[in-house]
1. Which of T114, T99, T76 has the fewest other C-beta atoms within 10 Å, and how do the rest follow up to the most?
2. Please work out, to two decimal places, the log10 of the ratio I(q)/I(0) at q = 0.11 Å⁻¹ from a Debye calculation in which every Cα of the range 24-110 carries one identical scatterer.
3. What is the local net charge at P34, summed over the other residues whose Cβ is closer than 11 Å to its Cβ (Lys, Arg +1; Asp, Glu -1)?
4. For D101 paired with R33, estimate the spin-label separation in nm (one decimal), with each label point 7 Å from Cα along the Cα-to-Cβ line.
5. Just rank S145, S72, fewest to most, by other beta-carbon atoms within 10 angstrom.
6. How much net charge surrounds Y113 when only other residues with a Cβ under 11 Å from its Cβ are counted (Lys, Arg +1; Asp, Glu -1)?
7. Using a 7 Å offset from the Cα along the Cα-to-Cβ direction at both Q134 and L90, what is the distance between the two label points in nm, to one decimal?
Amino acid sequence: MWRRMIALLMLTAFAGATPPAVPAQTSAMRGARPAPPEVVAELRLSVDRARQRLEARDANGVLAYISEQYRSDGLTKADVGQQLRAMCALYDQLRARVTIDEARIVDGGAWLYTTGEVSGRLPFVGWVPILTWQNQPEVARNEGSTWRLFGFQN
């Protein structure tokens, strides 16, 4: 579950079990197109702000980048919140790196493919890897003036 939450982080994200496979033809059938540069810049800004909130161990700050309608593989925003709070309680410090590999616009949302890693500092142990992922998909929607994780909803 951590993998989906962090890649949220997008942004955050944001982590979990391996996200469901998204066939390339599904994107094409829905009229997927590359995200314009200004949208990619907005997405990167949201990802970076969520990452900063994670590194500050501010679970509520990270959750601000997740839609109230978030649903993905049975996870809700409340589930992600529980995981974030547990992670913030367990580790003295958190570090995250998230890059957007690709962003496509599909049905008004953004399909993000991210690569990243999260590590945490444990007392008396030091820095330990928590998770890594490569080219994992997530869906975000622009809600007001902020891009938020929306999840894979059918």
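Readers should treat all values here as calculations from the given coordinates under stated rules, not as data from a laboratory. What you see is a predicted model, and the numbers here were worked out from it, not measured in a lab. Please note: Cβ atoms are built from the backbone with ideal geometry, for glycine as well, and neighbour counts cover all protein chains shown.
1. By the 10 Å Cβ count, ascending, the order reads T99, T76, T114.
2. The calculated log intensity ratios at q = 0.11 Å⁻¹ are -0.39.
3. Within the 11 Å Cβ shell, the charges total +1.
4. Each label point is offset 7 Å from its Cα along the Cβ direction, giving 2.5 nm.
5. S145, S72
6. Net charge in that neighbourhood comes out at -2.
7. Inter-label distance under the simple model: 2.4 nm.
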